[in-house]
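Notes to accompany the following structure.
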Amino acid sequence: MGKRQTTGHALPPEAAIDALEHLYANASAALVRALDRYLDTREPPTTKERAAFRYPLLRVIYYGAEEPQRTRRAFAKFQRPGVYATTVTHPRHFRGYLLEQLRPLVAEYGAEIEVGVSSQEIPFPYTMERVDEIGRMGITAVELARHFPTPLLSLVGDEVADGEWDAPEGEPRPLALFDAVRVDYSLRRLVHYTGSDWRNVQNWVLLTNYHRYVDQFVHWGVMRLSDGGPYQRLVLPGGAEIRRGEAQDAVEGVIAASPWHRFQMPAYHLVAPGGEGVTLVNIGVGPSNAKNITDHLAVLRPNCWLMVGHCGGLRQSQQIGDYVLAHAYLRQDRILDTLVPPDVPIPALAEVQVALQDAAAMVTGERGDSLKERLRTGTVVTNDDRNWELRYSHERRRINLSRAIAVDMESGTIAANGYRLRVPYGTLLCVSDKPLHGEIKLPGAANAFYEAAVAQHLEIGLKALDLLRERRDTLHSRKLRSFDEPPFR
């Protein structure tokens with residue numbers, strides 16, 4: 001975890017985060033100054049200067065002197081007395097999250113907080129936004145690596161999240177799932193894949209596999225900016241923004257000019273204070289993309305991610321445009337098999353399931369048997385082979401045994417990675433074809449379906465997030481905690 005000296009003085013949570021912000025600002029500023037000097041003069045940093053390029057260290061000590069009060073809260077809890085530590089990056093951005101974790105640990109457990117400087121260096125690419133400029137100056141990354149800290153894959157991993165860490169005798173236990181270098185690694189990946197500043201990612205996330213949902217989300221977001229609600233701006237891939245009160249022709253121009261096609265998984269952010277808005281990411285098709293984006297989104301500790309996309313209906317009674325609420329997954333995606341073996345059950349989270357069902361009722365206006373005709377709950381098969389139909393005779397028995405009602409390529413992966421990385425998850429799919437019953441995807445039929453179903457489907461997902469905001473006290477399920485869980489969620 002990059003341990004080093006701390007102040008040795010116990011601090012209240014607010015003062016501890018102030019100290020983290022101060023140490024991080026000084027360290028990153030020192031690194032940038034040394035880089036700027038090197039670009040101008042080719043003078044490398046001295047050993048003393050390089051010693052300043054280090055992440056701050058957060059340490060929490062729990063003595064176990066008093067029995068803590070019982071709580072249903074699924075985070076900010078100690079499993080045992082001891083010393084817990086982690087390195088921290090961008091503490092100002094994560095201030096709300098850090099306070100949410102630290103306050104109960106102090107108030108309920110009597111924990112003591114210490115802040116100091118770690119031995120973990122800040123890699124220089126994580127403090128610079130001028131990669132193109134450096135390239136034009138004829139300076140290579142190899143040259144900079146001779147004098148400045150670089151990202152080392154040997155130091156970036158998910159051992160804590162995957163339960164593979166081993167704390168040496170006398171060393172602190174992990175305080176959080178991700179340390180600073182792991183967080184910074186993913187923050188840069190998010191910028192690369194989504195075309196967005198990671199700071200714009202909101203605490204409530206929708207993932208989709210079709211660009212038509214993006215069009216609907218942008219339209220919905222522009223409408224929300226004009227209705228006096230909490231939303232402040234809509235951020236598009238590439239960084240363009242639409243703000244309240246902008247003229248319609250200006251809005252249309254910004255949308256048309258967005259370079260979303262340059263990015264593998266473009267993201268759109270309807271921003272509200274405190275990160276309480278909504279982020280939509282078009283992850284494209286396939287389990288590899290689904291794992292990739294959720295690996296990186298997880299370091300931001302979102303409150304929830306929901307999959308809203310299309311699926312193939314597997315039951316005769318289903319109609320094109322019906323909804324599927326996944327309560328189990330037959331995982332044939334294979335992308336997470338070594339980390340979360342397929343025989344490990346991925347539980348449905350009741351809080352998310354109820355919100356999705358309630359949202360469907362509110363948006364469609366249907367209740368009881370009428371809603372059940374449109375919204376079916378059951379097992380979703382997530383397959384890594386888009387043309388699984390060509391092996392129907394091989395697949396048929398397994399699908400039949402699972403009692404599956406739908407098939408897609410992302411939902412099981414998103415749920416399994418949410419389970420693995422402790423991010424609440426859920427899936428609401430829309431039936432776009434029925435491959436077992438002769439209703440395959442054809443251009444004309446697809447267009448008619450999209451026009452009729454996409455807007456309502458997206459609205460259900462957004463309404464579910466509204467409900468989950470209201471019910472957030474029960475959202476972070478204890479089902480996601482392991483036996484040796486770090487105190488932070």
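The values are calculated or read from the model by the stated rules, or taken from the named source; none is laboratory data. Everything quoted here is computed from the prediction, not taken from an experiment. Ideal geometry is used to build each Cβ from the backbone, glycine not excepted, and the neighbour counts take in all protein chains shown.
Can you tell me which residue among P273, P287, P302 is modelled with pLDDT of 95 or more and either small (G, A, S) or crowded, with 24+ Cβ neighbours inside 10 Å (or both)? Before you say what the answer is, go through the steps one by one.
On the way: P273 fails: either small (G, A, S) or crowded, with 24+ Cβ neighbours inside 10 Å (or both); P302 fails: either small (G, A, S) or crowded, with 24+ Cβ neighbours inside 10 Å (or both).
P287 is the lone residue from the list that is modelled with pLDDT of 95 or more and either small (G, A, S) or crowded, with 24+ Cβ neighbours inside 10 Å (or both).
Among the residues of segment 112-131 satisfying the criterion of being small (G, A, S) and surrounded by fewer than 23 Cβ atoms within 10 Å (Cβ to Cβ), which is nearest to A52 (Cα to Cα)? Out of the qualifying residues, it is S119. Give the residue that is farthest from the chain's Cα centre (by Cα), with candidates limited to residues of segment 364-406 that are under 21 Å from P347 (Cβ atoms) and among the aliphatic types (A, V, I, L, M). Filtering first and then ranking leaves L401.
Rundown of residues vs (1) in a strand (DSSP E or B); (2) assigned by TED's automatic domain parsing to the domain that holds A74; (3) touching a Pro at 6+ places or on another chain (Cβ under 8 Å); (4) touching a residue at least 24 places away in the same chain (Cβ under 8 Å), yes/no style:
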{"site": "Q319", "(1), (2), (3), (4)": "no, no, no, yes"}
{"site": "P345", "(1), (2), (3), (4)": "no, no, no, no"}
{"site": "E366", "(1), (2), (3), (4)": "no, no, no, no"}
{"site": "R376", "(1), (2), (3), (4)": "yes, no, no, yes"}
{"site": "L390", "(1), (2), (3), (4)": "no, no, no, no"}
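Looking only at residues in segment 62-94 that are part of a strand (DSSP E or B) and not small (G, A, S), which one is nearest to V183 (Cα to Cα)? Reasoning before the result, please.
So in segment 62-94, the residues part of a strand (DSSP E or B) come out as 62, 82-87.
In the following step, the residues that additionally are not small (G, A, S) were identified as 62, 83-84, 86-87.
Working: Y62: 25, V83: 22, Y84: 18, T86: 11, T87: 10 Å.
Only one residue fits best here, namely T87.
Restricting attention to segment 64-91 and to residues that are among the hydroxyl-bearing types (S, T, Y) and at pLDDT 95 or above, the residue that is farthest from the chain's Cα centre (by Cα) turns out to be Y84. The residues of segment 154-194 that are small (G, A, S) and surrounded by fewer than 24 Cβ atoms within 10 Å (Cβ to Cβ), listed by number, are S154, G157, A161, G163, A167, G170, S186.
Yes or no: segment 158-177 includes at least one residue that is basic (K, R) and touching a residue at least 40 places away in the same chain (Cβ under 8 Å). Looking for residues that are basic (K, R) and touching a residue at least 40 places away in the same chain (Cβ under 8 Å), one finds at least one in segment 158-177, hence yes. One residue alone among G238, G221, G229, G245 is of a type in the set (G, A, S) and buried (at least 21 other Cβ atoms within 10 Å of the Cβ), and that residue is G221. For segment 392-430, residues that are within 15 Å of R315 (Cα to Cα), in a helix (DSSP H, G or I) and among the aliphatic types (A, V, I, L, M) total 2.
Please work out if G284 is assigned to a loop (DSSP other than H, G, I, E, B) and on the phi > 0 side of the Ramachandran plot. Break it down stepwise before answering.
Details: assigned to a loop (DSSP other than H, G, I, E, B): yes; on the phi > 0 side of the Ramachandran plot: yes.
Taking the combined requirement at face value, the residue satisfies it.
Listed by first and then second residue, the pairs with beta-carbon distance under 8 Å, at least 6 apart or on different chains, first residue in segment 65-80 and closer than 21 Å to E351 by Cα, second of a type in the set (G, A, S) and assigned to a loop (DSSP other than H, G, I, E, B), are A74/S477. For segment 48-66, the tally of residues that are charged (D, E, K, R) and surrounded by fewer than 13 Cβ atoms within 10 Å (Cβ to Cβ) stands at 2.
Residue count for segment 98-119, restricted to those that are closer than 15 Å to L11 by Cβ and part of a helix (DSSP H, G or I): 8.
Filtering V205, V218, V183, V191 for residues that are closer than 21 Å to G275 by Cα, assigned to a helix (DSSP H, G or I) and touching a residue at least 60 places away in the same chain (Cβ under 8 Å) leaves a single hit, V183.
The residues of segment 136-153 that are exposed (fewer than 13 other Cβ atoms within 10 Å of the Cβ) and in contact (Cβ under 8 Å) with a residue 60 or more places away in the chain, listed by number, are M137, R146. Every condition in (1) touching a helix residue (DSSP H, G or I) at 6+ places or on another chain (Cβ under 6 Å); (2) charged (D, E, K, R); (3) modelled with pLDDT under 95 holds for D36 except the one numbered (1).
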